[in-house]
Amino acid sequence: MPSKNSRPSILNSIERKSILLLGDLLIILASLNLFVNHAIDKEFISLSLKVFVFSFGIIVYLGLSYILDFYNLQKVARRRYTLSQSIYITAIYVFLLFVFTVITYDVSFWRGPLLSFLLLTPLEIWLWRLFFGNVFRIIPTVKNVLYVYDTKSKLNFKQHVDCINGDEINTFYKVKLTYSIEEDSLAVHKKTFQTALQKVDTWILNISDYATIPKELENLLLPSILGGKEVLSFTSFYENVYEAMPIRLHANSFYELLQLKNKKIRYLQVVFSIVVNFLLSFFVGIIFFISCPFVWFFNFFLNRGPLFYTQSRVGQNGQEFKIYKFRTMVVDAEKEGAKMASKNDSRITPFGKVLRTFRIDELPQIISVIKGKMTFIGPRPERKVFVDQLNEILPFYGIRHLYKPGITGWAQVKYKYGEDLEDSIRKLEYDLYYIKNKSITLDLRIIFKTVTTVLFSRGI
């Protein structure tokens, strides 16, 4: 039974996002109803028009919200962000809906209801989100953590705590109580510990051998679970919160980390990958061929030298292949040896910076996709010299070669521009998460986030 002194149940991030989304959708549906039944002249209203407006409206709103990160709870908590983003995103949405309706249907509008739809919808969304943010300033949103660790974990204890209390997720977890299974004992301060434990919402166990958990601590674990407490291994915690695998902290826990079961890829996933590669190859291929003359023209004046550069990269099953890009660096940029490119690399020409900013330099990789050496979604291919170095540091780095490399991937949309081996190791955490959790849903998230990455110059 839960203790009388235990804290009230805390809604997790998915539950809070669901409440936020439900409120948004109710407002959007009410606005769409106003738009269809009051803003449009009744002689133009038909069943097909209603279906179109409601379907298109919901799809466009959800797409914009995801691309523009409208459901980032930490950002929603900031009042200034809530005002600007709510009005900005919803204004784009109602404008697109209005324009597409005009283009698709020959309709007439009542000015008063139309003006109400265009102006009030962003205001209503802002007021709802302002209310939502204020409510969750009162209701507890931070989960207090009991952090249990052993000697091996203690070496990286501060880093682990930083992970839990870091800026990225400090809205959700905070270390309230710590316990070392070798150094601490409940026999001395059992009553004090039990009192503090009542204020804990989550146990995080960061130990190499669960058999070493003291019996006295284990006796408190089951009542905590029955009392509604959350119990997580550190690997599960890290994976759920960061959507990455903690390889830097658990380099020896290879099998726990990956939990590979040699599951066959479902046929639906294969069909989805084929369709996505075909459609994106066609679309990106057209953009590539259209952009070539313009890049060549500006390259002739601003970046003299070859238009393309090729480089050997390690692909599926460790086999090397040629990758193609528009050249963005000076000629003979690596005359002093191989070196990873950095964001403010002096070797990058002014025109090359423009190409990199808008990801235009990546377009020629479509050639490798057509050749079957790459796909659109997958771990980014790395050069063999760096792969060899990383294999020395992480013996299982080669796991990322299980699939074909991709033009975009989970690491690219989740992490900053990679500049050194440490960044490559960090990106591996995301690559391994993708390999373990590969699915149609995750691929769709990558596609949407790639759009955001290109639009706002994030990632690499």
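The values are calculated or read from the model by the stated rules, or taken from the named source; none is laboratory data. Remember, predicted model here, so these are calculated numbers, not experimental data. Because the Cβ atoms are built from the backbone with ideal geometry, glycine has one as well, and the counts that use them run over all protein chains shown. The area values use the complete protein model at the heavy-atom level, side chains included, leaving out ligands, DNA and RNA. Shrake-Rupley method; radii C 1.70, N 1.55, O 1.52, S 1.80 Å.
Some observations on this one:
- Taking the stretch 33-49 as the range and being among the polar types (S, T, N, Q) and touching a residue at least 60 places away in the same chain (Cβ under 8 Å) as the test, no residue passes.
- Among (1) at pLDDT 80 or above; (2) surrounded by fewer than 21 Cβ atoms within 10 Å (Cβ to Cβ), the one test that Lys414 misses: (2)
- Positions within the stretch 308-329 being part of a loop (DSSP other than H, G, I, E, B) and touching a strand residue (DSSP E or B) at 6+ places or on another chain (Cβ under 8 Å), in sequence order: Gly315, Arg327, Thr328
- The listed residues are Val354, Val314, and the only one of them that is open to solvent by less than 40 Å² (accessible area, probe 1.4 Å) and either in contact with a helix residue (DSSP H, G or I) (Cβ under 9 Å, 6 or more places away or on another chain) or modelled with pLDDT of 90 or more (or both) turns out to be Val314.
- Long-range neighbours under 6 Å by Cβ, at least six apart or interchain, first residue farther than 21 Å from Ile348 by Cα within the stretch 407-436, second of a type in the set (S, T, N, Q) and open to solvent by 20 Å² or more (accessible area, probe 1.4 Å): Thr408/Thr450; Val413/Thr450
- Only a single item in (1) at pLDDT below 85; (2) surrounded by 22 or more Cβ atoms within 10 Å (Cβ to Cβ); (3) among the hydroxyl-bearing types (Ser, Thr, Tyr) is not met by Thr408, and it is number (1).
- Near pairs, Cβ below 7 angstrom, 6+ apart or cross-chain, from the stretch 50-74 (within 21 Å of Ser18 (Cβ to Cβ)) to any residue that is open to solvent by 20 Å² or more (accessible area, probe 1.4 Å) and outside any helix (DSSP H, G or I): Ser65/Tyr71; Leu73/Thr171; Gln74/Thr171
- Cβ-Cβ under 6 Å pairs, at least 6 apart or on other chains, the stretch 196-218 side in a strand (DSSP E or B), far side among the small types (Gly, Ala, Ser): Leu205/Ser233; Asn206/Ser153
- Consider the stretch 59-73 and keep the residues that are within 16 Å of Pro122 (Cα to Cα) and touching a helix residue (DSSP H, G or I) at 6+ places or on another chain (Cβ under 7 Å). The one that is surrounded by the most Cβ atoms within 10 Å (Cβ to Cβ) is Tyr61.
- Failed item in (1) at pLDDT below 90; (2) among the aromatic types (Phe, Trp, Tyr); (3) in contact with a helix residue (DSSP H, G or I) (Cβ under 6 Å, 6 or more places away or on another chain), with Tyr433 passing the rest: (3)
- Cβ pairs under 7 Å, 6+ apart, first in the stretch 139-160 and farther than 15 Å from Ile207 by Cα and buried (at least 17 other Cβ atoms within 10 Å of the Cβ), second at pLDDT 70 or above and basic (Lys, Arg): Asn144/Lys174; Asn144/Lys176; Asn144/Lys199; Val145/Lys174; Val145/Lys176
- Hits in the stretch 95-131 - residues which are more than 23 Å from Ser65 (Cα to Cα) and touching an Asp or Glu at 6+ places or on another chain (Cβ under 9 Å): Val107, Ser108, Phe109, Trp110
- Looking only at the stretch 417-451, and only at residues there that are within 11 Å of the chain's Cα centre (by Cα) and among the basic types (Lys, Arg), the one that is surrounded by the most Cβ atoms within 10 Å (Cβ to Cβ): Lys449
- Test: Val51 is open to solvent by 40 Å² or more (accessible area, probe 1.4 Å) and at pLDDT 80 or above: yes
- Taken over the stretch 319-341, residues that are of a type outside the set (Lys, Arg) and at pLDDT below 90 amount to 12.
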